[in-house]
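The numbers here are math on the coordinates, done by the rules we state, and not lab data. These numbers were taken from a predicted model, which means no experiment stands behind them. Cβ atoms come from the backbone with ideal geometry, glycine included; neighbour counts cover every protein chain shown.
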Amino acid sequence: MKIPLYVIDAFTEKLFSGNPAAVCPLPEWLNDDILQTIAGENNLSETAFFIRESNIYKLRWFTPKVEVSLCGHATLASAYVLFHHFGHKESEIVFETKSGQLKVQRDANLLMMDFPASNPISIDAPEQLVHALGAKAIEVLQSTGTYLAVYESENDILSITPDFSLTEKLDMPYVIVTAKGSSSDFVSRFFAPQVGIPEDPVTGSAHCTLIPYWAKKLNKTKLYARQLSKRQGQLYCEYLGDRVKIGGKAVTYVVGEISI
């Protein structure tokens with residue numbers, strides 16, 4: 001059996017930056033074990049699989065270890081494949097996912113994703129989180145499955161070196177660190193070793209939490225964000241209350257096929 005394979009660098013317009021996602025269009029769903037094995041073999045932070053049903057696409061995402069309920073960069077990459085390789089003519093694509101219906105619109109040279117907002121709440125910083133990050137935050141919040149640690153400056157974010165052996169033992173699988181940016185509204189990094197991603201290069205889904213926080217903190221609804229991994233990435237954001245828009249660019253790295 002031959003399965004088309006695309007590797008797309010998302011949230012960038014330059015190769016070898018942003019976040020690479022594998023995208024595999026399917027005529028019908030394969031066994032979950034096969035999907036997970038393909039994702040493990042690809043060994044990227046996410047592999048997206050989709051099938052078409054009528055006018056929508058059913059979309060699923062797998063890390064090398066597990067299936068996840070929401071992923072931004074692999075959604076962006078899937079939409080890019082449909083627009084640029086499959087010739088999707090409408091300006092909008094509708095994906096049906098474990099997180100409900102997600103829409104992606106083509107807006108000039110950006111792809112804008114419509115995702116659910118996740119408003120974080122302030123908490124006392126868990127001692128284990130402080131030890132895992134190696135630097136005390138000025139504020140700690142949480143949203144579903146996620147710790148959000150806020151720091152003073154962009155340099156603080158760049159200097160963080162997590163202890164992943166401790167991060168893996170936290171009671172939540174995702175950790176975001178963030179600060180106000182020097183050349184952007186805000187910056188962030190994202191760690192998720194529990195699901196097989198020590199540090200994710202650029203994380204669209206993290207911005208479901210980051211956008212509400214910074215929109216309220218900066219008193220603005222449209223924001224420009226940068227993720228400060230080694231590959232780095234750029235995100236164009238908008239806060240809509242119970243929804244957020246997360247936009248970015250993408251570029252094709254690989255077009256091929258998998259033989260199974």
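Rounded to two decimals, what is the ratio between the C-alpha radius of gyration of the range 1-140 and 2.2 N^0.38 Å?
1.19
Any idea what % of Cα-Cα pairs in the range 121-239 are farther than 21 Å?
29
Can you flag which of LYS65/LYS169; LYS98/LYS217; LYS98/LYS245; LYS58/LYS245; LYS89/LYS245 are past 23 Å Cα-Cα?
In this structure, LYS98/LYS217 lie more than 23 Å apart at Cα.
How do 26-35, 238-247 rank on mean C-beta neighbours within 10 Å, highest first?
238-247, 26-35
Scattering from the C-alpha atoms of the chain alone, worked out with Debye: what is log10 I(q)/I(0) at q = 0.16 1/Å?
-1.18
How high is the FRET efficiency from MET1 to ILE56, r the C-beta distance, R0 35 Å, rounded to 0.05?
0.90
Give or take rounding to whole Å, what are the principal axis extents of the alpha carbon atoms in the range 1-81, in descending order?
Projected onto the principal axes, the Cα atoms of the range 1-81 cover 33, 30, 26 Å.
How high is the relative contact order of the range 121-239, given as a whole-number percent (alpha carbon pairs under 8 Å, six or more residues apart)?
Worked out over the range 121-239, it gives 19 percent.
Taking the Cα centre of the chain as origin and charging only Cβ (+1 Lys, Arg; -1 Asp, Glu), how large is the dipole, in debye to the nearest 20?
Result for the chain is approximately 640 debye, rounded to the nearest 20.
From the helices alone, meaning DSSP H stretches of at least four residues, give me the mean residue ellipticity at 222 nm for the chain, per-run term -39500 (n - 2.57), in deg cm²/dmol to the nearest 500.
-5500 deg cm²/dmol
Provide the packing ranking of 221-228, 210-217, 133-140, i.e. peptides ordered by the mean count of other C-beta atoms within 10 Å per residue, highest first.
Per-residue Cβ counts within 10 Å, averaged per peptide and sorted highest first, yield 210-217, 221-228, 133-140.
Give me the percent relative contact order of the range 1-138, please, defined on Cα pairs under 8 angstrom at least 6 residues apart.
16
Which distance in Å, rounded to a whole number, links the C-alpha centroids of the range 180-253 and the range 129-178?
Computed from Cα coordinates, the inter-centre distance equals 15 Å.
Need the full-extension length gain, LYS14 to ILE123, defined as separation in residues times 0.36 nm minus the C-alpha distance. One decimal, nm.
Full extension from LYS14 to ILE123 adds 35.4 nm.
For LYS222, which aspartates and glutamates qualify as cross-link partners when the Cα separation must be under 18 Å and same-chain residues fewer than eight apart are set aside?
The qualifying aspartates and glutamates are ASP107, ASP114, ASP185, GLU238, ASP242.
Given contacts defined as C-alpha pairs under 8 Å and at least six residues apart, what's the relative contact order of the range 122-184, whole-number percent?
It rounds to 37 percent for the range 122-184.
How long are the semi-axes of the ellipsoid equivalent to the range 116-191, from square roots of 5 times the Cα gyration tensor eigenvalues, in whole Å, largest first?
Working through the eigenvalues yields semi-axes of 18, 15, 11 Å.
Antiparallel versus total DSSP beta bridges in the chain: what percent is that, nearest 5?
85
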